[in-house]
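Following: one structure in structure tokens, then a few remarks.
The values are calculated or read from the model by the stated rules, or taken from the named source; none is laboratory data. Here the structure is a predicted model, which means the values were calculated and not measured. Note that we place each Cβ from the backbone using ideal geometry, even for glycine, and neighbour counts take in every protein chain shown. Calculation scope for accessible area: heavy atoms of the full protein, side chains included, ligands and nucleic acids excluded. Shrake-Rupley method; radii C 1.70, N 1.55, O 1.52, S 1.80 Å.
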Amino acid sequence: MTRPDPKPRPVAPQQNAATAARAGDIAAARLKERIYATITLAAVVVTLAEAEESDHTEAALTVAVTALGVWLATLVADEQAHRAVTGRGASRAEIRTGLHVSSPLLLSAVGPLALIGMSALGAMDLGTALLTSAGVEVASLFLWGWRTGLRMGNGPLSALTSGLLDTAIGVGVVGVKLLAGH
């Protein structure tokens, strides 16, 4: 019978650094996916709010299918890129990592779907729910930019600038979507 080693084995500093760097890369990739989906869904809900005729079912399906479609497209693109670069398909561990990294794409639909649901229950008009969803999505861009600015250590003015720039990008994408008439 073997006994577990009572003392944890030391890990080489290089291994700790590599693990931390990988965790940082994964966190950055997850945030990137979430921001991408947030901008996409903000544009979609504004477009739905501008539509002359839209009902709760159509709005909910549009938001859900958009999030699912973007997520699936990301998975396909990741696999194709992986095959092109490595010459092989992704391993199970790489697939799990890809699913973990891309899952925030789906989370971006939760807020809009919740507000559409509240509207269906009579808490607010559908147009109001959709515009509120867009506002929440754009506000989240500001908060991510603000937090990024603070983490960079350049002070509150830098954080405010970062938040405003991210907000402007989100509003710009929504504006382009509205101007294009989609």
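Annotations
- Options 97, 62, 66, 74: the member that is assigned to a helix (DSSP H, G or I), over 14 Å from the mean Cα position of the chain (by Cα), among the β-branched types (Val, Ile, Thr) and under 25 Å from residue 48 (Cα atoms): 62
- Subset of segment 65-81 (residues that are open to solvent by 40 Å² or more (accessible area, probe 1.4 Å) and not aromatic (Phe, Trp, Tyr)): 65, 68, 72, 73, 75, 76, 77, 78, 79, 80, 81
- Here residue 121 passes the criteria (1) within 23 Å of the chain's Cα centre (by Cα); (2) farther than 16 Å from residue 49 by Cβ; (3) of a type outside the set (Asp, Glu); (4) at pLDDT 95 or above except the one numbered (1).
- Residue check for residue 9: modelled with pLDDT of 90 or more, open to solvent by 70 Å² or more (accessible area, probe 1.4 Å) and farther than 30 Å from residue 137 by Cα: no
- Filtering 63, 76, 70, 45 for residues that are among the β-branched types (Val, Ile, Thr) and without any contact (Cβ under 8 Å) to a residue 12 or more places away in the chain leaves a single hit, 76.
- Residues in segment 94-122 that are open to solvent by less than 50 Å² (accessible area, probe 1.4 Å) and either touching a strand residue (DSSP E or B) at 6+ places or on another chain (Cβ under 7 Å) or among the hydrophobic types (A, V, I, L, M, F, W, C) (or both): 101, 105, 109, 115, 116.
- Single residue of segment 123-169 satisfying the filter (outside any helix (DSSP H, G or I) and open to solvent by 80 Å² or more (accessible area, probe 1.4 Å)) that is nearest to residue 36 (Cα to Cα): 152
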